[in-house]
Each structure stands twice: as C-alpha cells, then as structure tokens.
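Contents: one structure, followed by commentary.
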C-alpha cells in the first residue's frame, strides 16, 4: 500500500507533548514520520489537513455495542461505523449483552465478529458476576486469558461488597481495572431523573445523588483495603468528584470517567418529558456540571467516555416512566464537547488527552493513544470550527436516541484512520493521488 502524508494540520499529541503545525507520514499502516518540513521520502499520496486538528484516534472506554442479543438496538458493525464517524479508533464494549460476556465463549464470539465486521478496534470488557443475578463471581482468570481489558457489571452495580472486594483482590493480580456503575439500587428504585426541582415539576420519582455517592464511597474503601484498581464509571455528582479527589490524595488506586452529556447537559433537558434525556445516572444540576469540569481540568477525573447506549425508537417513543435509559453518543461526542473549549471551560489539549492518552493509561496500553513513530496509525482529523446540524437519520448507529437531535454543534470529525486505513472521511475531503 502506498504511503500517505497528512500535511499542514495542527498535530496535537498530549502523550508526547507535541503541538505543532506539520505533517505525518503513514507507511504500511504505521506512523513513519512526524514533524515540520518535508518527509524523508517523496513517494506518497496526500491528505490536506490545513486548518484541521490531527491527533491520535479517540479511545472510548465505555460503550454498548449490544451484540450478542440486542441486535435490534445495535450491532458490532453499526456501532463501530458510528464510532469511526465520531473519531474513535478503539472502543471498549460493555458486557451486559445476552448472553453476557461472563465466559471465554462469549468473549471469543465478540472478538471474532469484531475482526470480521468491525471497522475499528474492539476491546471486550468482561463481567464481574455471572449472568444477571450478581451473586456469583466469574472466573476472572478465564476471562483474562480470553482477552478482556477490564471487568464490569455495567448497567448494574456490583451489589455485593464481598464480591467487589474479592474482584478487586483478583484484578490486582491480572493488572486489569474493575469498572463500577455506582448506584445504590435501594435508593434509586423507581427513579426516572435527578431528584430535584425538575423531578418535582414533572411529578417524577427522582434519583438522589446519594445513590451514586454511597457506592463510590464503598468502592474507594475497598480499593484502599485491597490495592485493586477501581475505575468509577460515568461520574455525575459534585460529591463523587470530591470523594475521588480525596481518595487520589491518599494514594488509593482509582481512576474515573465523565460522559459528554454529564459535562454539557443538566436535568432541565428532561423538561417536556423528553425521553431522549433519560439516562442513568441522570443528568444533574449546573452545580454538578461545574464540579465535573473542575475535576476533569484538575486531573481528578481521568477521561471522557461516551457510555454510548443505543435503543430502538420503541424503547424511547413512549411514556417517560416506560422509556429506556440511555443516550446514543458516539457520533455527537466531539461536537458536544468542543463547545466547552469555546466557552473557555476546557482547553483543547486537555480534551484531546481525555479522549486519547488518558484512556490508554487507564487500560495500561502504552501503544494506543499516541502518534509515536513506529506505532499503528490510529488518527483522527477534525475541524474545530466546522458547524453541523445533528440529523439522526444520518447516524450510522441504529440508535437515534439523543437529546441533541436538531441541535447545531461546532467541531466536526473530518477523517478517521485505523491502522493507516481511512474508515471515515467527510464528503468534502479527497486523498490526492500522486
């Protein structure tokens, strides 16, 4: 395959401390050269990236591809196509499928389908407990050998403190994190949105912040005791941020993520009984979003992850209390987040780090999230200033469920390359064949 030069873009790689206007040469699927001036060879095709940002391919540590078992919502094929449109070259798929990823056979199935039908890298996450009961721990060694990159019962918390303690103990030996969906189900039972003024106005049962924070506190105590790495999924409250902040100050092995929707939307998005804004954990208050942004800027929150949760129209076009929780977020992630840059709430380099080298470090993958010469050419090219309208009919994802439908966003992915191969390109771009 002929070499490809991405030229004239602003190359940002937080992992290497690079921020230059220059070029990047791809040869045989790997990065062969990066720098200013002229590349060391002249035989290449070219992609003009003038005016664009060129950075490592985004990594999503938390998404739902739904296969096996819920193919009407999403498949590995459609989910990875949606991810490519969103600038992602690696996604980690959650284990709450049917059957769940709680044994070698189902993990191998996902890996096989991803190799055949996926357009980007898919890294499976295994369950912590077997089935959906939550009362028996999986064989973590079997799943580690099968190739999982973490363990999680996402969609549900690890309910048993004893199992969570044991899982953290075992995970330390494998060097893999336990990702927990922190929700006290006794406190959240029947809840639809954040417990507060909007839930009162709509007459809906609310989900209190304590439902999240009590489990965050439990997990941090168990991580301190065991030395196991706990990763707190989709942090949504000010209190959780402060608990994680204090834990990190004490040296507890914890990392954390925040979603684009929890950074940019509040409980008010649910007004009018908008089921597109029904998500778990719920959208909180503006005070919480400020705390989440502060945590991301301070490094208390390590990464941004989408929690992409696609659903069918029937799942969402119904009475609010019957509607499914979740937002389809892969294709709108960048566009929703770039607004934070223009509002001076977040720096461009911080955002790119949270989508690239940050997730790679949480996973312990040194060869992802960087543009280092010699490594696979996983690259995202985006226009920081390009405005576009969210038209869900154009989504590659089967899930059209988003509160951003019809919104005008600024910041658009122009091209995504996986191992040097373009897996998404905006219609306005064209590779110059030389």
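No value in this document is a laboratory result; all are computed from the given coordinates. Computed from a predicted model, the values in this text were never measured in an experiment. Please note: Cβ atoms are built from the backbone with ideal geometry, for glycine as well, and neighbour counts cover all protein chains shown.
Panel note: the C-alpha atoms of segment 154-235, placed on their principal axes, show extents of 49, 19, 19 Å (largest first). The Kirkwood radius of segment 57-363, taken over pairs of alpha-carbon atoms, gives through the Stokes-Einstein law at 25 °C and 0.890 mPa s a diffusion coefficient of 128 µm² s⁻¹.
Taking label points 7 Å from Cα along the Cα-to-Cβ direction, residue 105 and residue 242 give a separation of 4.9 nm. At an R0 of 41 angstrom, the distance between the Cβ atoms of residue 28 and residue 385 translates into a FRET efficiency of 0.80. How far is helix 161-174 tilted, in degrees, relative to the longest principal axis of the Cα atoms in the chain, given as a value from 0 to 90 rounded to the nearest 10? In the chain, helix 161-174 runs at an angle near 30 degrees to the longest axis. Between the Cα long axis of helix 209-226 and the first principal axis of the chain there is an angle of about 80°, rounded to the nearest 10. Evaluated over the Cα positions of segment 249-289, the convex hull gives a direction-averaged projected area, one quarter of its surface, of 3.7 nm².
Maximal additional length on extending the residue 319-residue 433 stretch stands at 35.7 nm, based on 0.36 nm per residue less the C-alpha distance.
Remark: spin-label model distance residue 343-residue 42 equals 5.1 nm, labels positioned 7 Å along the Cα→Cβ axis. Taken over the C-alpha atoms, segment 246-338 has Rg and Dmax values of 14.7, 47 angstrom. Judged by the mean number of other Cβ atoms found within 10 Å, the most tightly packed of the peptides 357-363, 204-210, 293-299 leads the ranking 357-363, 204-210, 293-299. Between segment 217-292 and segment 70-128, the C-alpha centres lie 24 angstrom from each other. If you take every DSSP beta bridge fully contained in the chain, what fraction is antiparallel? Give it as a percent rounded to 5. DSSP beta bridges in the chain are roughly 50 percent antiparallel. Dividing the convex hull volume of the alpha-carbon atoms in segment 289-431 by its residue count gives 142 Å³ per residue.
Taking Cα atoms only, the orientation of helix 104-117 departs from the longest principal axis of the chain by about 30 degrees.
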